[in-house]
1. Considering every residue within region 25-35, establish whether at least one is closer than 20 Å to residue 264 by Cα, without any contact (Cβ under 8 Å) to a residue 60 or more places away in the chain and of a type in the set (Ser, Thr, Tyr).
2. Looking at region 64-105 only, could you name the residues that are polar (S, T, N, Q) and either at pLDDT below 95 or in contact with a helix residue (DSSP H, G or I) (Cβ under 7 Å, 6 or more places away or on another chain) (or both)?
3. For region 256-266, check the following and say yes or no: at least one residue is closer than 22 Å to residue 36 by Cα, buried (at least 17 other Cβ atoms within 10 Å of the Cβ) and either of a type in the set (Ser, Thr, Tyr) or in contact with a Ser or Thr (Cβ under 6 Å, 6 or more places away or on another chain) (or both).
4. Considering 28, 58, which residue is among the hydroxyl-bearing types (Ser, Thr, Tyr) and within 22 Å of residue 228 (Cα to Cα)?
5. Considering each of 40, 47, 29, 52 in turn, give the residue that is out of contact with any strand residue (DSSP E or B) (no Cβ under 9 Å at 6 or more places or on another chain), of a type in the set (A, V, I, L, M) and closer than 22 Å to residue 245 by Cα.
6. For residue 229, only one of the following conditions fails: (1) at pLDDT 95 or above; (2) more than 22 Å from residue 108 (Cβ to Cβ). What is its number?
7. Just need a number here: residues in region 220-269 that are among the polar types (S, T, N, Q) and part of a helix (DSSP H, G or I).
8. Of the conditions (1) closer than 27 Å to residue 49 by Cβ; (2) buried (at least 19 other Cβ atoms within 10 Å of the Cβ); (3) under 16 Å from the mean Cα position of the chain (by Cα), residue 185 fails just one. Which one is it?
Amino acid sequence: MTDTEMRIDPKRAAALVSQIKTVRERITAVSSGRDVRLVAVSKLKPANDILALAQQATPPQLHFGENYAQELSQKAEILPRHIQWHFIGGLQSGHCKNLAKIPNLWCVSSVDTEKKAQLLDKHRGELLSSFSSSTPDVPTPAKLNIHVQINTSGESSKSGCEPGAAAVSLCRAVEAAPHLHLLGLMTIGAIARSVATTPGNENEDFVRLREQRDLVAAELGLEGDRELELSMGMSEDFEGAVAMGSGEVRVGSTIFGARPLKSEAKIRE
């Protein structure tokens, strides 16, 4: 099925466009004029929803986040190649090969070990070396953007490398990888702190991520060269995250509504 054959329900599309417009307006209201990337988290939502926003939102919504590697791969196969995919779920070593070989995978936001970074680099390199630029209407793949995930809350249930020396070491390894680009740092903080976050009530996890970003920039000699971005903030706390300097927010249910059970989710309708 091609995107021209995929059915888009006009009422559903209108609702999605209205909801993402509201989210964008809320981001703008607290961004102090900065450009903040909105990643629409389409986990367990059909490809039809993604296509509706890519075609009908103004401007088109092109950055979409997925939590499950197989689901991302399946959607990438049937949706337009100009969509820019983000893998935002827990990264396993076994995911790295297939993910890195998705040409329009724009970012992996959950790298937490050097081994996973090395696997992504290896397989992205294989994709880049094998890609034929003569393929019509297909964008040339680029280096894979990486967010290093930091466990700022110290919760054992959370993924992410430890702050401090471990974070610096991992960022250094990503920076040195020839087929990866260190875009910045990401965190998913404690739920209680997220719920309490507002533009006037700073989240401790977000404060710590800023501190880690500054530490990494200093240790890697990136100060004044380029600014590592912060990826923090989701549906519950994205306005507070933007107010604290986040360059990217990941918003799902506020745009798409409640998610179905994984067993009931459809790749396309």
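1. Step one: filter region 25-35 for residues closer than 20 Å to residue 264 by Cα, giving none.
No; the residues of region 25-35 include none that is closer than 20 Å to residue 264 by Cα, without any contact (Cβ under 8 Å) to a residue 60 or more places away in the chain and of a type in the set (Ser, Thr, Tyr).
2. Hits for region 64-105 are 73, 93, 98, 104.
3. No, region 256-266 has no match at all.
4. 28
5. Result of the check over 40, 47, 29, 52: 29.
6. (2)
7. Narrowing region 220-269 to residues among the polar types (S, T, N, Q): 231, 235, 246, 253-254, 263.
Subset that is part of a helix (DSSP H, G or I): 253-254, 263.
Residues that pass the stated criteria total 3.
8. Among (1) closer than 27 Å to residue 49 by Cβ; (2) buried (at least 19 other Cβ atoms within 10 Å of the Cβ); (3) under 16 Å from the mean Cα position of the chain (by Cα), the lone unmet condition for residue 185 is (1).
The values are calculated or read from the model by the stated rules, or taken from the named source; none is laboratory data. The shown structure was predicted, so the numbers you read here are calculated from the model rather than taken from an experiment. When we count neighbours, we look across all protein chains shown, and the Cβ atoms used for this are built from the backbone with ideal geometry, even at glycine.
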